[in-house]
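Below you'll find the structure, written out as structure tokens, and then a few comments.
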Amino acid sequence: MTIHYGGDYNPEQWPREIWDADYAAFDEAGVTTLTLGVFAWAHLQPAEGTYDFALLDAIVGRATAEGRRIVMATPSGAMPPWLAQGYPGACRVDFEGRRHLYGQRHNHCPSSPDFRRLSVELAGRLAARYSDNPAIVAWHVGNEYGGACYCDACAEAFREWLRARYTTLERLNDAWTTLFWSHVFTSFDQIVPPTALSEHWRGPDHTAFQGITLDYRRFMSDALLGGFVAEKAAIREHVADTPVTTNFMGLYQPVDYHRWAQHLDLVSWDNYPPHDTPLRTAARMALTHDAMRGLRAGEPFWVMEQTPSVTASRDVNPVQRPGVLALRTWQSVAHGADATLYFQMRQSRGACEKYHGAVLDHSGRTDTRAFREVASLGADLARLGDATIGARTPARVALLLDWDSWWALELSDGPNRNVRYVDVLSTYYRAVWAANAPVDVVPVTTRLDAYDVVIAPALHMVKGDLAARLDAFVRRGGSLVTSFLSGRVDEDDNAFLGHGVLDGLLGLRVEETDAQPPEVANPVELVLDGRTTLHDGRHVFEVLVPDDASVVGRYTADFYAGTAAVTRAVRGSGDAWYVATSLDDAAVASIMTSVLEQHGLLGPHADVEGLEITERVSPTGERIQFVLNHGTTPATVSSQVAGTDALTGLVVRRGDLLTLAPAQVLVLRP
Ligand code: GLA
Ligand code: ZN
């Protein structure tokens, strides 16, 4: 098996003459793999009880005959009109309480028994029909599960979910702190979903009771998962072991992918990076790849979608600059992707994605820049062959990612709505990424034994035995770096009483938490490794009372000037760092560099901006090094390894000077 290369292909939208041209182009581009049938429901089932597989048979038959591998989709991402007409309950009720009419996609009510029955029935029929097709390499259930429904069926399912979680109302009332504002529930039937009509005011993040809103998020994530699990079970009745997946959306807040991942056979995700500076975008993609790899304990993942050229859904949609497609694709492989697929192979003629980029645009030509870049990348991927398939990423640094903390932090009234969880994580991630130290982005339940450094920024909620495990991790020699607003609440989002759950480990307590608007900075003086530097702290300023923690940084302004802003406590043979404000990138980089250095984890050429160097280790033990220049100028560095560039055949000895043009990539095999 080689890296899957190709993408979503919807030839049903095109006259058949065009199919010939498509395959000729696919050959030219080295396309190995096609995702079929993602939005096929309307033609597969024109009415309830009426099935018509003729068109999909032709599409699948042609792809098979052309020697392509197939990712076979179930079409539940978009329901046909007859379904909504016959079963209005399959449409969602939104946060404002409005029942939606037929339209759009990704909008079914996860508690609708009719939608469930019909989608599962169709998934089963598809699986039965194509189960013996050896070209199918994966099943792709639905599409980009997300959003939320607040209908009566969901309300009932929520109450069931609560009964299972809490058993008694007493436990539920305690978890939600319902004595506050006289909300004590005396029957499960009194509980309604948290919406604009009930607990919320300014929108989905502003709730009077975090407990109910947090549980609704957990419930909705589980409810959507129920649909996936049911379709997967229907597929498994006919298909023994072909992996079943669905395409995730990276750091997507509404769905807790940690709760989902165990139900998938492989993780796949759609990479549409936010627009930012090239380096910040590259770091954000690296973070997301690492988070997706962390969903299933470091297993390689698939990039199920990326655009070959341009998106259409944003207000302004710049095209990807020359070379950037290959750079981004290699970055995904460098971080663990065993498949890199496009949305989509041929551009839509109409509707809202007619300007979304595709391998073949409306002209159908192969002499376009986008096509040439796709084809040259296809040739390069073919050159690499199967070298990286199944390869792991060796990391000694873990960054904790937790949906519950994300939800709790951003649902919270106070101290500062401008603190965004992923922004805080990104700042710490960028520092380690820039130092070329590989990072696993992992759930809080992960065993920490394999790591030397654990970064837990904005770990608002500390659940289960996590505090004890962090303590043990530090005492046996690890370094923990955590930040403001960490360790504040328990699993129910209630504050810890007496002392903070991490106070003993950190050697301090937080006495007050000041917050300021984004334009206000409190300069923090950092004294690290004999150097004194001044940086901006923003958003949140915790006033610390150190116990036995030593002070590494101090605020320099306001009534808490001179008090601790960054601390380090030695515990056993390790240490626990605390950063009490949102420090700028340079400050976080200094702290993280110092921590990494302490463990000998600074990666190669950590000082060269924009140069990313990372590694994968194949199942046979081959170490493959990726060198990527995300910078806008050439980078010249000495090679840290001996090897041959899989893309150009260039032979490199250890210590040789390498010059990488902007966007250039080397894939060095020993
Ligand atoms: C998503 C969807 C695709 C398509 C692309 C366009 O990722 O899964 O169907 O809409 O976006 O960017
Ligand atoms: Zn619903």
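The values are calculated or read from the model by the stated rules, or taken from the named source; none is laboratory data. Keep in mind that this is a model prediction, so the values were computed, not measured. Every residue, glycine among them, receives a Cβ derived from its backbone with ideal geometry; neighbour counts consider all protein chains shown. Heavy atoms of the whole protein, side chains included, go into the accessibility calculation; ligands, DNA and RNA do not. Shrake-Rupley method; radii C 1.70, N 1.55, O 1.52, S 1.80 Å.
With respect to Pro243, determine if the residue is within 16 Å of ligand 1 (Cβ to nearest atom), at pLDDT 95 or above and surrounded by fewer than 21 Cβ atoms within 10 Å (Cβ to Cβ). For Pro243, the condition - within 16 Å of ligand 1 (Cβ to nearest atom), at pLDDT 95 or above and surrounded by fewer than 21 Cβ atoms within 10 Å (Cβ to Cβ) - is not met. So which residues in region 121-148 are crowded, with 20+ Cβ neighbours inside 10 Å and either touching an Asp or Glu at 6+ places or on another chain (Cβ under 6 Å) or of a type in the set (Lys, Arg) (or both), if there are any at all? Within region 121-148, Ala123, Val141 meet the criteria. Taken over region 91-131, residues that are outside any loop (DSSP other than H, G, I, E, B) and within 16 Å of ligand 1 (Cβ to nearest atom) amount to 1.
Tell me which residues, restricted to region 570-599, are of a type in the set (Gly, Ala, Ser), in a strand (DSSP E or B) and more than 18 Å from Leu485 (Cα to Cα).
The initial filter retains those residues of region 570-599 that are of a type in the set (Gly, Ala, Ser), namely 572-574, 576, 580, 582, 586-587, 589-590, 594.
Subsequent filtering for residues that are in a strand (DSSP E or B) retains 574, 576, 582.
Across region 570-599, the qualifying residue is only Gly574.
Under the condition of being part of a loop (DSSP other than H, G, I, E, B), among the aliphatic types (A, V, I, L, M) and surrounded by 22 or more Cβ atoms within 10 Å (Cβ to Cβ), the residues counted in region 275-310 number 1. For region 333-371, filtering for residues that are more than 14 Å from ligand 1 (Cβ to nearest atom), of a type in the set (Lys, Arg) and farther than 20 Å from Ile59 by Cα leaves 2.
Scan region 364-380 and report the pairs whose first residue is in the same structural domain as Arg349 (by TED's automatic domain parsing) and whose second residue is modelled with pLDDT of 95 or more and among the aromatic types (Phe, Trp, Tyr), with Cβ atoms within less than 6 Å and a gap of 6+ or a chain change. If the second residue must be modelled with pLDDT of 95 or more and among the aromatic types (Phe, Trp, Tyr), the pairs left are Gly378/Tyr5. Which one is surrounded by the fewest Cβ atoms within 10 Å (Cβ to Cβ) among residues in region 393-425 that are within 18 Å of the chain's Cα centre (by Cα) and among the charged types (D, E, K, R)? Ranking the qualifying residues of region 393-425, first place goes to Asp423.
Does Tyr87 satisfy the criteria of being farther than 27 Å from Gln253 by Cα, in the same structural domain as Trp260 (by TED's automatic domain parsing), surrounded by 15 or more Cβ atoms within 10 Å (Cβ to Cβ) and in contact (Cβ under 8 Å) with a residue 60 or more places away in the chain?
Numbers: farther than 27 Å from Gln253 by Cα: yes; in the same structural domain as Trp260 (by TED's automatic domain parsing): yes; surrounded by 15 or more Cβ atoms within 10 Å (Cβ to Cβ): yes; in contact (Cβ under 8 Å) with a residue 60 or more places away in the chain: no.
Against the criterion (farther than 27 Å from Gln253 by Cα, in the same structural domain as Trp260 (by TED's automatic domain parsing), surrounded by 15 or more Cβ atoms within 10 Å (Cβ to Cβ) and in contact (Cβ under 8 Å) with a residue 60 or more places away in the chain), Tyr87 does not qualify.
Determine if region 148-155 includes at least one residue that is touching a residue at least 40 places away in the same chain (Cβ under 8 Å), among the hydrophobic types (A, V, I, L, M, F, W, C) and more than 16 Å from ligand 2 (Cβ to nearest atom). Looking through region 148-155, none of the residues is touching a residue at least 40 places away in the same chain (Cβ under 8 Å), among the hydrophobic types (A, V, I, L, M, F, W, C) and more than 16 Å from ligand 2 (Cβ to nearest atom).
Conditions tested, residue by residue: (1) open to solvent by 50 Å² or more (accessible area, probe 1.4 Å); (2) away from ligand 2 (no atom under 16 Å from the Cβ); (3) in the same structural domain as Tyr130 (by TED's automatic domain parsing); (4) not in a helix (DSSP H, G or I).
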site: Asp205; (1), (2), (3), (4): no, yes, no, yes
site: Leu224; (1), (2), (3), (4): no, no, yes, no
site: Val229; (1), (2), (3), (4): yes, yes, yes, no
site: Ala233; (1), (2), (3), (4): yes, yes, yes, no
site: His238; (1), (2), (3), (4): yes, yes, yes, yes
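Of all residues in region 113-129, none satisfies being within 22 Å of Met304 (Cα to Cα) and out of contact with any Ser or Thr (no Cβ under 9 Å at 6 or more places or on another chain).
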